[in-house]
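Structure record follows, encoded as structure tokens.
The values are calculated or read from the model by the stated rules, or taken from the named source; none is laboratory data. Quick caveat, the model's predicted, so the values are computed rather than measured. Backbone-built Cβ (ideal geometry, glycine too); neighbour counts: all protein chains shown.
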Amino acid sequence: MSVRAIVLAAGKGTRMKSARPKVLHELCGRPMLWYALRALRDAGVESVTVVTNGEVSPHVANIAASAGHAAAGRASDRTAVSAVIQEPQLGTGHAVQTALAQLPAGAGTILVVNGDMPLVDAELLRAALAERAHALALVTARMPLPSAFGRVVRDGERVARIVEARDATDDELSIDEMNAGLYVYDEGKLRAACAELGHDNAQGEYYLTDTIANFAARGERIVPVLAADYRSVLGVNDRVELAAAAALLNRRVCERHMRAGVTIVDPATTYLEPDLTIAPDVTILPNTTIGRATRIGAHSEIGPNARLQNARIGEHVVVTDSVVADSEIGDFAFVGPWAHVRAGSVVGTGGRIGNFVEVKTSELGPGVKAGHLAYLGDATVGDRTNIGAGTITCNYDGVVKNRTTIGKDAFIGSNSSLVAPLGIGDRALTGAGSVVIRDVAEGDRVAGNPARILPQKP
Ligand code: UD1
Ligand code: MG
């Protein structure tokens with residue numbers, strides 16, 4: 001479809017009182033700008049110009065890619081997300097003028113969306129785009145008062161103009177139909193109206209909203225598109241609104257998973273990022289945060305008090321009171337309470353990682369047990385091996401990290417220090433308190449500090 005979107009994301013966001021630009025503040029693990037870009041992608045709009053400032057612009061390509069858009073191209077690229085810099089920022093009308101100046105003039109449709117409305121969804125974008133045969137489709141919402149949104153002033157049924165709250169009379173402030181910040185324009189008519197914008201208002205800015213009166217004066221057809229739920233168009237201007245929008249977004253994500261068969265015991269304390277894959281019959285217990293492309297298999301139970309980031313969790317897994325990051329947990333494994341599995345680790349099928357155990361960049365075979373107080377770093381542990389309480393892989397010699405390789409069915413006694421690089425064979429045993437500095441052959445038994453070979457049991 002010949003639609004180009006302009007996303008307004010250059011504002012300083014002064015009300016955030018932050019060194020970070022407003023649209024880079026995060027909700028549910030993603031920057032605010034991600035949501036507008038994701039909604040556009042879901043609505044099939046691939047040609048997007050983001051109006052940014054110098055601080056936001058270097059991030060646009062990454063955010064667009066993570067929202068599912070094709071790689072960013074040049075400003076003239078018609079099927080990609082590109083950024084233009086608006087400097088100085090003289091208002092939303094000036095932002096659109098800046099974008100239009102960079103775009104080759106065409107006869108298509110221009111969708112303009114504020115970059116600070118993270119709850120907007122593709123459905124609303126599609127409803128507005130469906131009216132694109134008209135000069136202007138203006139998305140509005142009925143909203144509880146008082147409100148800082150621009151008011152939609154009507155003349156009978158017809159939309160006459162938008163007045164910003166700061167410029168409004170008391171009568172106008174009592175209007176409960178708000179400007180959402182989402183517009184679908186005929187491009188030629190938008191260009192003409194933008195050329196005539198002034199800045200005679202409370203903020204001395206060029207307001208995009210003044211194009212509405214301009215269209216009305218020219219007798220152009222303005223079609224109001226009323227959002228079914230005002231919460232889908234809430235703008236985020238300060239940190240109170242940021243938290244409110246994040247809670248609504250989180251609720252929306254939780255509800256999507258609950259409808260798909262996931263039990264979430266307390267959505268109010270379960271924090272989910274938008275792009276998770278969670279199978280039916282997973283149970284999520286309170287105080288749990290799950291992010292970054294995590295996948296969870298059926299019948300697993302996560303939480304309470306768990307944090308998963310970029311984790312692959314199998315089926316019938318339990319992760320309780322623990323952290324799993326950038327790692328994989330096999331089917332029927334049990335992690336926790338108070339375990340930390342991280343940095344490319346794999347816990348095999350039926351494994352057990354218990355109280356105060358840290359597993360870092362280690363691969364544990366099926367059935368490996370490390371039940372208590374251990375550190376397994378840069379280790380490979382064979383199937384069914386038991387790691388006693390207090391075992392430490394001494395993987396760092398002060399200069400480099402070294403690997404420990406332990407075979408299958410081995411028994412590592414409590415409080416063993418395994419000084420890497422080290423190999424321990426299948427079915428080998430280390431006695432409690434061993435300090436193992438040399439490789440242990442298959443089936444051998446060692447103990448002591450430094451560990452020496454013990455006679456085999458008769
Ligand atoms: C704007 C609308 C208001 C509407 C509300 C909906 C105007 C004048 N007012 O008010 O009618 O009800 O959104 O949320 O449009 N921006 C730029 N460059 C600028 C200024 C702003 O890119 O020079 C961007 C901001 O980053 C932001 C968006 O435009 O993403 C809206 O600007 P903001 O200052 O938040 O406008 P509101 O006061 O919320
Ligand atoms: Mg705003």
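So here's what we get for this one:
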quantity: Helices (runs of 4 or more DSSP H) lying entirely in the range 49-146 (those with 2 or more residues that are touching a residue at least 24 places away in the same chain (Cβ under 8 Å) and within 16 Å of ligand 2 (Cβ to nearest atom)); calculated: 92-102
quantity: Count of the range 169-192 residues which are in contact with a Gly (Cβ under 9 Å, 6 or more places away or on another chain) and away from ligand 2 (no atom under 16 Å from the Cβ); calculated: 3
quantity: Criterion violated by ALA227 - all others in (1) more than 15 Å from ligand 1 (Cβ to nearest atom); (2) over 25 Å from THR98 (Cβ atoms); (3) in contact with a helix residue (DSSP H, G or I) (Cβ under 8 Å, 6 or more places away or on another chain) satisfied; calculated: (1)
quantity: Residue within the range 153-166 that is of a type in the set (D, E, K, R), within 13 Å of ligand 1 (Cβ to nearest atom) and out of contact with any helix residue (DSSP H, G or I) (no Cβ under 8 Å at 6 or more places or on another chain) present; calculated: yes
quantity: Neighbours by Cβ (under 9 Å, 6+ apart or cross-chain): first from the range 375-398, over 13 Å from GLY423 (Cβ atoms); second of a type in the set (Asp, Glu) and assigned to a strand (DSSP E or B); calculated: TYR375/GLU358; LEU376/GLU358; GLY377/GLU358
quantity: All positions within the range 161-212 that are in contact (Cβ under 8 Å) with a residue 24 or more places away in the chain and charged (D, E, K, R); calculated: ARG161, GLU164, ARG166, ASP167, ASP176, GLU177, ASP186, GLU187, LYS189, ARG191, GLU205, ASP210
quantity: Subset of the range 153-175 that is assigned to a loop (DSSP other than H, G, I, E, B) and β-branched (Val, Ile, Thr) - its residue that is surrounded by the fewest Cβ atoms within 10 Å (Cβ to Cβ); calculated: THR169
quantity: Unmet requirement for ARG132, which otherwise passes all of (1) under 15 Å from ARG191 (Cβ atoms); (2) surrounded by 17 or more Cβ atoms within 10 Å (Cβ to Cβ); calculated: (1)
quantity: Sole residue being out of contact with any Phe, Trp or Tyr (no Cβ under 7 Å at 6 or more places or on another chain), modelled with pLDDT under 95 and farther than 22 Å from GLY188 by Cα, chosen from ARG78, ARG74; calculated: ARG74
quantity: Set GLY425, GLY448, GLY413, GLY431: member being of a type outside the set (Phe, Trp, Tyr) and surrounded by fewer than 17 Cβ atoms within 10 Å (Cβ to Cβ); calculated: GLY448
quantity: Which listed residue is touching a Leu at 6+ places or on another chain (Cβ under 8 Å), more than 13 Å from ligand 1 (Cβ to nearest atom) and closer than 29 Å to PRO274 by Cα, from LEU125, LEU182, LEU119; calculated: LEU125
quantity: Test: residue in the range 7-14 that is surrounded by fewer than 16 Cβ atoms within 10 Å (Cβ to Cβ) and either assigned to a helix (DSSP H, G or I) or modelled with pLDDT under 95 (or both); calculated: yes
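So that you can scan it fast, the table gives a plain yes or no per residue for (1) within 18 Å of GLU164 (Cβ to Cβ); (2) surrounded by fewer than 21 Cβ atoms within 10 Å (Cβ to Cβ); (3) within 33 Å of the chain's Cα centre (by Cα):
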{"residue": "GLU177", "(1), (2), (3)": "yes, yes, yes"}
{"residue": "ALA180", "(1), (2), (3)": "yes, no, yes"}
{"residue": "GLY204", "(1), (2), (3)": "yes, yes, no"}
{"residue": "ASP210", "(1), (2), (3)": "yes, no, no"}
